[in-house]
Amino acid sequence: MAATSDILIIGGGIAGLSAAAALSAHAKVTVLEAEEQIGFHSSGRSATMLHYALGDRLVRALTLASRDFFDNPPDDFTDVPIGRPMPVLIFAREDEREALDALDADIAPFAELERLDAVGVHQLCPLLNADAVRGIADRRGIRIDPHALLQGNLRQLRRSGGELVTGARVATIAHQSGVWSVATEHGEVHSAPVLINAAGAWADVIAGIAGVRPIGLEPKRRTIITFDAPPGADLDHLPFAKTVGDELYFAPESGRLFASPMDEVPSEPTDAQPDDYEVALAAFRMEERTVVKVARIHSKWAGLRSFTPDHHPAVGLAEETEGFFWLAGQGGFGLQTSPAMARIVASLIMGEPWPVADIAPEQLSPARFG
Ligand SMILES: Cc1cc2nc3c(=O)[nH]c(=O)nc-3n(C[C@H](O)[C@H](O)[C@H](O)COP(=O)(O)OP(=O)(O)OC[C@H]3O[C@@H](n4cnc5c(N)ncnc54)[C@H](O)[C@@H]3O)c2cc1C
């Protein structure tokens, strides 16, 4: 059977679309997305920050390698800004001093940090309780517009002749004579010698359908609520504020505030819904660490953050099966690392230069889970 594309990508989230955009300069790329719209799952449900308190050294290196893309976006990404400046504040009580020092040392190689005392912390975020007495601030944080980022990638894909097919839930996958044939549940068949698995929380499910060994991906649910800010709060200048431990973050959101209790509840791959307990926990922690009263929850949502066993992404060809390429496990950092990840995919598939000097391809290879 003749292939319909050079590369098929399963998943129209940020992982699939950014890889598609990068590859479309060199190859005929088709993206298959199960939902009717792009970014319906994790990519449309995140906290949308670029910051260095996320993940470990490898994740920070991927974030730093992506930074220039957000500062100087390519032409296809300039219609609507893909990000706007928002300072990041990591705050701590006196008893959390050691943890703050450790985080400061971890982030320092990647971002210019400012050490803040109690006065500085409250100047940057007047909503915090009096027990927030120390902090570190990165004044160059970026609040990402995920829809602008997705649309920019889609524009770049289409301009290069690539295609996105929505409502195309992949049901069967076969590999014959070096070609992957993928049939959707509507019976449409697409084929290509290279198949990229960018199915987010469903990446192990896709591997199962293709007869490829799974990598042990664990989707974990995280919840966000929005609510009114106190009268007079200067929403234009509030930071993205996070406890030094993984307890709470909050930030301004469309004229209100959002907050997450940073829950990590194991989940099946699914259309994640907020659970009452985590919703209540978000409100409780917000009231515990700030002067804000969460009188009424305006909206709430949940999304999945999917982790490999070592919490680093899996990017590269499956060892045992020709042409099956993993692009999964972006955890809680998939938006902010997507520019570097897309270049890594282009390097591994098209032989472009390797883009992140601090990381070796083996560190991302799915073979490490073999
Ligand atoms: C609450 C929350 C906060 C977050 N905060 C941040 C943050 O501040 N910064 C940051 O960088 N990241 C953040 N993230 C993480 C980020 O959202 C994810 O890492 C990223 O969106 C993962 O992208 P993806 O494309 O892999 O997954 P998805 O966006 O889930 O895309 C996968 C796609 O595959 C499709 N698919 C699945 N099965 C099939 C099939 N059989 N056929 C066809 N299509 C299929 C799905 O429909 C889906 O659209 C957060 C996530 C959450 C949930």
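Consider a paramagnetic label point 7 Å from the Cα of Ser254 along Cα→Cβ; state which residues of segment 11-25 have an amide N under 20 Å from it.
Under cut-off, by backbone N: 14.
Please give the charge dipole size of the chain, origin at the Cα centre, charges +1 on K and R Cβ atoms and -1 on D and E Cβ atoms. Round to the nearest 20 debye.
Roughly 500 debye for the chain.
Just flag the GluC sites (Glu not before Pro) in segment 64-127 sitting in loop per DSSP whose Cβ has no more than 15 other Cβ atoms within 10 Å.
Filter output for segment 64-127: Glu112.
Select from His298, His41, His122 the residue whose mean-square fluctuation is largest in a Gaussian network model of the chain (Cα-Cα springs shorter than 10 Å).
His298
Gap in Å between the Cα centre of segment 32-87 and the Cα centre of segment 318-370?
17
Using the Cα centre of segment 26-178 as origin and beta-carbon charges of +1 (Lys, Arg) and -1 (Asp, Glu), tell me which of Ala132, Ala108, Phe70 is placed farthest towards the positive end of the dipole.
Projecting each Cα onto the dipole axis, the largest value belongs to Phe70.
Using amide H atoms built in the peptide plane, which far-off residues or other-chain residues are under 5 Å from His298 H to H?
Result for His298 returns Thr226, Phe227, Asp228.
For the chain, what is the calculated [θ] at 222 nm in deg cm²/dmol (nearest 500), taking -39500 (n - 2.57) for each run of four or more DSSP H residues and dividing by its residue count?
Calculated at 222 nm, the ellipticity per residue is -8000 deg cm²/dmol.
Positive end of the dipole of the chain, charges at C-beta (+1 Lys, Arg; -1 Asp, Glu), about the Cα centre: which of Val294, Gly44, Ala282 has its Cα farthest in that direction?
Farthest towards the positive pole: Gly44.
Out of the GluC sites (Glu not before Pro) in segment 1-86, which ones are loop residues according to DSSP with at most 10 other C-beta atoms within 10 Å?
Those that pass, being in a loop and sparsely packed, are Glu36.
If I model a spin label at His237 and Glu114 as a point 7 Å from the Cα along the Cα→Cβ vector, what separation in nanometres do I get?
A separation of 1.1 nm, rounded to one decimal place.
Assuming R0 = 25 Å, can you tell me the calculated FRET efficiency for the pair Val189 and Glu163, based on Cβ-Cβ distance, to the nearest 0.05?
0.95
Starting from the 7 Å offset along Cα-to-Cβ, what nm value, one decimal, do you get for the label separation of Val265 and Ala280?
Taking the simple label geometry, Val265 and Ala280 are separated by 1.2 nm.
In segment 84-187, with Lys and Arg counted as +1 and Asp and Glu as -1 at Cβ, which of these residues, Leu150, Ile90, Ala168, has the Cα nearest the positive end of the dipole, that is, farthest along it?
Among Leu150, Ile90, Ala168, the one farthest towards the positive end of the dipole of segment 84-187 is Ala168.
GluC sites (Glu not before Pro) within segment 317-362: which are DSSP loop residues with at most 16 other Cβ atoms inside 10 Å?
Glu319, Glu320, Glu322
Can you compute the label reach from Asp56? Point 7 Å from Cα along the Cβ direction, backbone N cut-off under 19 Å, restricted to segment 109-131.
Hits in segment 109-131 for Asp56 at 19 Å: 109-111.
Taking R0 as 41 Å, what's the FRET efficiency between Arg155 and Arg213 from their Cβ-Cβ distance, rounded to 0.05?
0.70
At what distance in angstrom do the alpha carbon centres of segment 265-300 and segment 166-221 lie from each other?
Cα centroid of segment 265-300 versus Cα centroid of segment 166-221: 33 Å apart.
For His26 paired with Asp104, estimate the spin-label separation in nm (one decimal), with each label point 7 Å from Cα along the Cα-to-Cβ line.
4.4
Using 0.36 nm per residue of separation minus the Cα-Cα distance, give me the extension gain between Glu319 and Thr172 in nm, one decimal.
Taking Glu319 through Thr172 to full extension adds about 50.8 nm, to one decimal.
What dipole magnitude, in Debye to the nearest 20, does segment 111-178 give about its Cα centre under +1 on Lys/Arg Cβ and -1 on Asp/Glu Cβ?
So the magnitude is around 380 debye.
Nearest 5 percent is fine: what portion of the DSSP beta bridges confined to the chain is antiparallel?
In the chain, DSSP labels about 75 percent of beta bridges as antiparallel.
Each value in this text was obtained by applying a stated rule to the coordinates, not by laboratory testing. Here the structure is a predicted model, which means the values were calculated and not measured. Note: ideal-geometry Cβ built from the backbone for every residue, glycine included; neighbour counts use all protein chains shown.
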